[in-house]
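Read through the structure below, which is laid out as structure tokens, and then see the notes.
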Amino acid sequence: MADHKPGFFTRWFCSTNHKDIGTLYILFSIFAGIIGGAFSMYMRMELQDPGVQFMTNEDGSPNGQMWNVFITAHGLIMVFFVVMPGLIGGFGNWFVPLMIGAPDMAFPRLNNISFWLIIPAFLLLIASALVDIGAGTGWTIYPPLSAKLGHPGMSVDMAIFALHLAGASSILGAANFITTILNMRVPGMTLHKMPLFVWSMLVTSFLLVLAVPVLGGAITMLLTDRNFGTTFFNPEGGGDPILFQHLFWFFGHPEVYIMILPAFGIVSHIISTFSRKPIFGYLAMAYAMVAIGFVGFIVWAHHMYTTGISVNTLTYFTVATLIIAVPTGVKIFSWLATMWGGSIIYKTPMLWAIGFIFLFTVGGVTGVVLANAGMDVVLHDTYYVVAHFHYVLSLGAVFILFAGWYYWIGKMSGRMYPEFLGKVHFWMTFIGVNLTFFPQHFLGLAGMPRRYIDYPAPLLPEGLDWWGRTQFMFNEAWMQLHSWATGAVYESTITWGYHGWNFVSSMGAYLAGGSVILFIVIVFWTLFFGRKASDNYWDVEDKIMTLEWTISSPPPFHQFEIQPKVK
Amino acid sequence: MANAQDGYAGSWQLNLQTPASPLQAEIYDFHTMLLWITGIIVVFVTALLAYAVVKFRRKKGVEPANFAHNTLIEVIWTIVPIVVLIIIAIPSLKLLYLEDRIPEPELTIKTTGYQWYWGYEYMDYDGLEFMSYPIADEDIDESKGQKRLLSTDNPVVVPVDTNIQILVAAADVIHAFALPAAGVKKDAVPGQLNETWMRIDRPGVYYGQCSEICGTGHSYMPIEIHAVSKEEFDAWTRKQGAKLKPKAIAEDK
Ligand SMILES: [Cu+2]
């Protein structure tokens, strides 16, 4: 069977092949992840110590706008240009057709444009940070801060266009997935026999086509408010800023499930494969995702508990939000039950998947805490929220980005990753992100607001450089720990404020940042020196086999020229 | 390890700020309950996970089980979480209605968020309104107990043991008025007048910070509240040259 691969330019720039487009998405996701991650490193450096050391104007005064531009860019990049392209565009494109036995996606050219819309979207977003004062609105772009009043100049307009393009890309991609999944499964693969990753992509795609247009509408109204004198969100013309928040979160809440559902699907396969057991409660797992997707559309105002909406509305949104814990619990317990009685081997993808279960549980229970409008009043817009959503996204979705990469890289590239380095990567990341985000719960409980360039705390002695400050705080942390463990008296100069846990958080971030460098090394190592991968390199057994393990690694340019059969 | 402070965060603090109001005391207790429930859930799931990880390691000659269903256990892990959620929801909703509004306010203060400072208006008094700006780092006088990024040039003075209605407004973009020790946070939204309340139960200095991103100076618009005895509060209003409005007018708000 000869492959007729097109030439380099045609193959990668005019690609209509789902595997090549998936590869482009994954490469782009890694690239954007490095940029978005670098932003967060710089922010953690700034927050390591009180006072503003790095993000200053020329006269040395704090540049609060620069800070806001950083948090905005970090959020938008991670959501729209890392997690979504990685999990949906990358793994979705690669493995939905393979798992359902289809030769390609339903609309290969649409697939091409979906990817190539992402690039100008990303460029527009980066450029928006560089023109005028940058878009320092937070990823939520609430007016009037995002209106002309708060952001004259064109940076917010450019950010809006960036979201328009990224949104169009997602909607087209989702339409493609829905069509592919509903029409191109091999004969015999009924919906109730479909692999869970395909289920997760189907639900995700429906969420995308229902939610993203609402965002598109909201930001278009914002655009006309900004440029054409409409007043949808401007009270001076009878508009309402809160309307924007309703529209934004009607998109924004499903969006968090759009990011996590594909991860749910991947986790199920990894746990089943490495436990050598079928997925426990397959149908419950599939319909739990449908339930999460559905309930995800009717809980949006839990992001708006302090906006002044009426107490009866708060009651509804509290109860509805709490209900999400039920299908989520079903998923967690079913993964545990899949491991139960299994024959588990701890390869790198399995480590990431187990790490995911633990971290998602932690992020899940803080979600239950935040769901209570009465509780949220002291936690809203504090670091507690930052900790919560990084536990479910940065430690949930991103863990599964890595898990999926290690699980499938042999299939995608034909080469195996280095097992030992993969495990080192996992443990560095696991320790790093927990050090980064767990202390943020304490900061939030103590009341530290989010999106702050500087926080209340006594300044360190003057004249210390970064290394001097770091040593000072290591000593402080050590002495505190020592006095706590032994009861020895320690008279600290830092008696109040948010310095302590911010320092620990920054140290954790540096460790997690270092693990990204290791990951880049692993990527190149794998592609150049990795040993050849066999067709079914995890020895997935027949009873739990998905179709991608029945073909070569890497798969032929066009697979399934003879239609496979499903029992 | 956690230095307890009153009215602001202690270094290495692990929990919510010390309650300075009956409302925050309720929130504190509710959070303690949630902490127990969520803590038990995390420990339980982690224990199951750890047990599975150790017990079901791949061993030579041991074949994996093949089950994929167990109706009883699936029903249990659906029903038990529902019961737990009901246990959470009941006190949660009680707390929510308690927070909502105070039926008989004894004092009303309107606060307005500006880029980047807060304005205060005592609605029951004539001529009692002022702006409250942060104190620059270089002007902070620690001997007076001032705290960088928290202290203001014009603290809000309020009487203790008084039901205080707080009206929250905004002049430009959205801000949020927050006072963690009193369990207060409400968005200040242009074109909208929000309402919340507090009742501070002991004299002291309590701090808050703007809690909705509002532009360049978002980190620099603190809230400083001095709670004093009712007599001291009356003396302070007289010193400010403020006159109590006739009660009828005050009640007509
Ligand atoms: Cu503000």
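The values are calculated or read from the model by the stated rules, or taken from the named source; none is laboratory data. Keep in mind that this is a model prediction, so the values were computed, not measured. In this analysis, Cβ positions are derived from the backbone assuming ideal geometry, glycine residues included, and neighbour counts consider all displayed protein chains. Ligands, DNA and RNA are stripped out before the accessible areas are found, and what is left, the full protein with its side chains, is counted by its heavy atoms. Shrake-Rupley method; radii C 1.70, N 1.55, O 1.52, S 1.80 Å.
Looking at segment B:81-91, is at least one residue within 16 Å of the ligand (Cβ to nearest atom), crowded, with 18+ Cβ neighbours inside 10 Å and either more than 30 Å from B:Glu195 (Cα to Cα) or of a type outside the set (Lys, Arg) (or both)? No, there is no match, as no residue in segment B:81-91 is within 16 Å of the ligand (Cβ to nearest atom), crowded, with 18+ Cβ neighbours inside 10 Å and either more than 30 Å from B:Glu195 (Cα to Cα) or of a type outside the set (Lys, Arg) (or both). Looking across segment B:163-193 at every residue that is open to solvent by 10 Å² or more (accessible area, probe 1.4 Å) and away from the ligand (no atom under 13 Å from the Cβ), the one that is farthest from the chain's Cα centre (by Cα) is identified as B:Gly191.
Can you list the helices (runs of 4 or more DSSP H) lying wholly within segment A:262-364 that have 1 or more residues being within 30 Å of B:Ser211 (Cα to Cα), hydroxyl-bearing (Ser, Thr, Tyr) and open to solvent by less than 10 Å² (accessible area, probe 1.4 Å)? Step through it out loud before you land on a result.
Numbers: elements: A:282-295, A:311-323, A:325-339.
Here the list reads A:311-323.
Tell me yes or no: at least one residue of segment B:172-180 is over 27 Å from B:Asp126 (Cβ atoms) and more than 10 Å from every other protein chain (Cβ to nearest Cβ). Don't jump to the end; show me each part of the working.
Residues of segment B:172-180 over 27 Å from B:Asp126 (Cβ atoms): B:173-174, B:176, B:178, B:180.
From the residues that got through so far, the ones that are more than 10 Å from every other protein chain (Cβ to nearest Cβ) too are none.
No, there is no match, as no residue in segment B:172-180 is over 27 Å from B:Asp126 (Cβ atoms) and more than 10 Å from every other protein chain (Cβ to nearest Cβ).
The residues of segment B:194-217 that are touching a residue at least 40 places away in the same chain (Cβ under 8 Å), near the ligand (Cβ under 10 Å from one of its atoms) and among the small types (Gly, Ala, Ser), listed by number, are B:Gly215, B:Gly217.
Only residues that are away from the ligand (no atom under 16 Å from the Cβ) and open to solvent by 30 Å² or more (accessible area, probe 1.4 Å) were counted across segment B:111-129, and they come to 5. In segment B:136-162, the residue that is farthest from the ligand (Cβ to nearest atom) out of those that are hydrophobic (A, V, I, L, M, F, W, C) and open to solvent by 20 Å² or more (accessible area, probe 1.4 Å) is B:Ile140.
Within segment B:221-229, is even one residue within 16 Å of the ligand (Cβ to nearest atom) and either more than 20 Å from A:Arg451 (Cβ to Cβ) or in a helix (DSSP H, G or I) (or both)?
To start, the set of residues in segment B:221-229 that are within 16 Å of the ligand (Cβ to nearest atom) comprises B:221-224.
Next, from what is left, pick out any that are either more than 20 Å from A:Arg451 (Cβ to Cβ) or in a helix (DSSP H, G or I) (or both): B:224.
Yes, there is a match, as at least one residue in segment B:221-229 is within 16 Å of the ligand (Cβ to nearest atom) and either more than 20 Å from A:Arg451 (Cβ to Cβ) or in a helix (DSSP H, G or I) (or both).
Counting residues in segment B:27-43 that are on the phi < 0 side of the Ramachandran plot, in contact (Cβ under 8 Å) with a residue 24 or more places away in the chain and of a type in the set (Gly, Ala, Ser) gives zero. Pairing residues of segment A:456-471 that are within 14 Å of chain B (Cβ to nearest Cβ) with residues that are basic (Lys, Arg) and open to solvent by 20 Å² or more (accessible area, probe 1.4 Å), at Cβ distances under 7 Å and at least 6 apart in sequence or on separate chains, gives A:Pro456/B:Lys147; A:Leu460/A:Arg469.
If the condition is being within 11 Å of chain B (Cβ to nearest Cβ) and without any contact (Cβ under 8 Å) to a residue 40 or more places away in the chain, then segment A:30-62 contributes A:Asn57, A:Ser61.
Return yes when B:Ile86 is more than 7 Å from chain A (Cβ to nearest Cβ) and over 28 Å from A:Ile309 (Cα atoms) and no when it is not. In short, no. Residues of segment A:314-342 that are more than 7 Å from every other protein chain (Cβ to nearest Cβ) and touching a Lys or Arg at 6+ places or on another chain (Cβ under 8 Å): A:Thr338 alone. The residue list A:Trp501, A:Trp538 contains one member that is touching a residue at least 24 places away in the same chain (Cβ under 8 Å), open to solvent by less than 60 Å² (accessible area, probe 1.4 Å) and in a loop (DSSP other than H, G, I, E, B), which is A:Trp538. Look through segment B:42-66, keep the residues that are more than 12 Å from A:Phe333 (Cα to Cα) and aromatic (Phe, Trp, Tyr), and return whichever of them is surrounded by the most Cβ atoms within 10 Å (Cβ to Cβ). Restricting to residues being more than 12 Å from A:Phe333 (Cα to Cα) and aromatic (Phe, Trp, Tyr), the top hit is B:Phe56.
Determine the pairs where a residue that is within 18 Å of A:Asp381 (Cα to Cα), located within segment A:430-447, has a partner that is surrounded by fewer than 20 Cβ atoms within 10 Å (Cβ to Cβ) with Cβ atoms under 6 Å apart, the partner being 6 or more residues away or on another chain. Taking only residues 6 or more apart or on different chains, the pairs are A:Phe442/B:Leu14; A:Leu445/B:Asn15. What's the number of the only condition in (1) open to solvent by 30 Å² or more (accessible area, probe 1.4 Å); (2) outside any loop (DSSP other than H, G, I, E, B); (3) not acidic (Asp, Glu) that A:Ser170 fails to meet? Of the numbered conditions (1) open to solvent by 30 Å² or more (accessible area, probe 1.4 Å); (2) outside any loop (DSSP other than H, G, I, E, B); (3) not acidic (Asp, Glu), the odd one out for A:Ser170 is (1).
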